[in-house]
1. Which order results if 49, 12 are arranged by neighbouring Cβ count within 10 Å, fewest first?
2. Taking the beta-carbon count within 10 Å as an exposure proxy, list 61, 94 from fewest neighbours to most.
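Values quoted throughout were computed directly from the atomic coordinates according to the rules given, and no laboratory measurement underlies them. Being a predicted model, the structure only gives us computed values, none of them experimental. Note that each Cβ is placed from the backbone with ideal geometry, even for glycine, and that neighbours are counted across all protein chains shown.
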């Protein structure tokens, strides 16, 4: 659970930098930024469903993947900052990955508990 808490903290820390980065680095106006953020949100909703499906199939692999993709999308945002299509593409990649974090963590938790328990209590 600590890793999920750190992941969510990192997401919100990076999320607070999206608007200023798009405005200052990419030179986008408030209208362009305002149109990109809903795209990010819709992508996050899609990621919730995609992440849930992936976590249902293999919960131990889904959470590391949805953790790595948002982290991997931050460094390219600096060179891509001057391009609206590149910035939009990074947001669309990052949104679904983060959307999968909640369901990935939720699906992985029962697997972790089962692996660390001593079996049925016999009640």
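1. Details: 49 13, 12 9.
Ascending number of Cβ neighbours within 10 Å: 12, 49.
2. Ordered by Cβ neighbours within 10 Å, fewest first: 61, 94.
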